[in-house]
Amino acid sequence: MKRTRVYACAALLLSLSIGRADAHPHVWVTLHSEVLYSADGAMSGVRHAWTFDDMFSSYALQGIPHAKKGQYTREELASLAQLNVDSLKEYDYFTYARADGKKVKFSDPVDYWLEYKNPALVLHFTLPLKAPATAKAMQVEVYDPSIFVDFEFAKDKPVSLSGAPPQCLLTVDLPHQPTPAEQLRLSQLDSVPLDASSTYGEIFANKILVKCP
């Protein structure tokens, strides 16, 4: 979807205690994802790398102590990375999966850390499935149901497979361009925001599809 009139919550990287209704900077995320498989051919999780837009990255870095001007180490960003994953739990990490059409659940993230790629922040984290899933069709969707955060696949190699059986086929389904009616609704988010229970954003999901014989 076009990155127009889409609102995001500052609490994605900062404390969510201020509430979504009280802070709405524009935040956009460009994502790379890797679908992970175990040795027996079952899907075991998803590894994400989310690059935040420059403006929001600068905003989130305010007050973060660092030894070298214009540089941040992984250690210096550790507390911010922890805040990221703690805050995202309430929103299921904006990642949803189905195995042969049935919902499967993720555990809490592991191996999470923040990287500073001047001038952007990149959040790396792995979401293990609670139970490895064997299926002919796996679908992973990344989106914010209430469209506070705009996700977009990276242009270069947005998704890859790791450890999948060689006969498995990976495809990526990009979100459709908003219809005039949908664009109108998006333009009204200033005055009539979607509430936390909304699933409207699902129609703009970034979809990862893996089919195995």
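The values are calculated or read from the model by the stated rules, or taken from the named source; none is laboratory data. Remember, it's a predicted structure, so these values are computed and weren't measured experimentally. Note that each Cβ is placed from the backbone with ideal geometry, even for glycine, and that neighbours are counted across all protein chains shown. These accessible areas exclude ligands, DNA and RNA; they are computed on the full protein's heavy atoms, side chains included. Shrake-Rupley method; radii C 1.70, N 1.55, O 1.52, S 1.80 Å.
Points to keep in mind about this one:
- Only DSSP H runs of four or more residues enter the estimate; each adds -39500 (n - 2.57), and after division by the residues of the chain the mean residue ellipticity at 222 nm equals -3500 deg cm²/dmol.
- For the range 100-161, the solvent-accessible area with a 1.4 angstrom probe is 50 square angstrom per residue.
- If the chain linking Lys69 and Leu170 were pulled fully straight, counting 0.36 nm for each residue of separation and taking away their Cα-Cα distance, it would gain 32.2 nm.
- Only protein atoms count toward the accessible area here, which uses a 1.4 Å probe; on the chain, the carbon and sulfur part of that area reaches 55 percent.
- Around Ser44: net Lys/Arg minus Asp/Glu count, Cβ-Cβ under 15 Å: -1
- Read-out semi-axes √(5λ) of the Cα gyration tensor in Å, derived from the coordinates shown; its label in (1) 33, 17, 14; (2) 28, 23, 15; (3) 28, 17, 17: (2)
- Bridgeable lysines around Lys117 (alpha carbons under 28 Å apart, same-chain partners fewer than 8 residues away excluded): Lys2, Lys68, Lys69, Lys89, Lys155, Lys157, Lys207.
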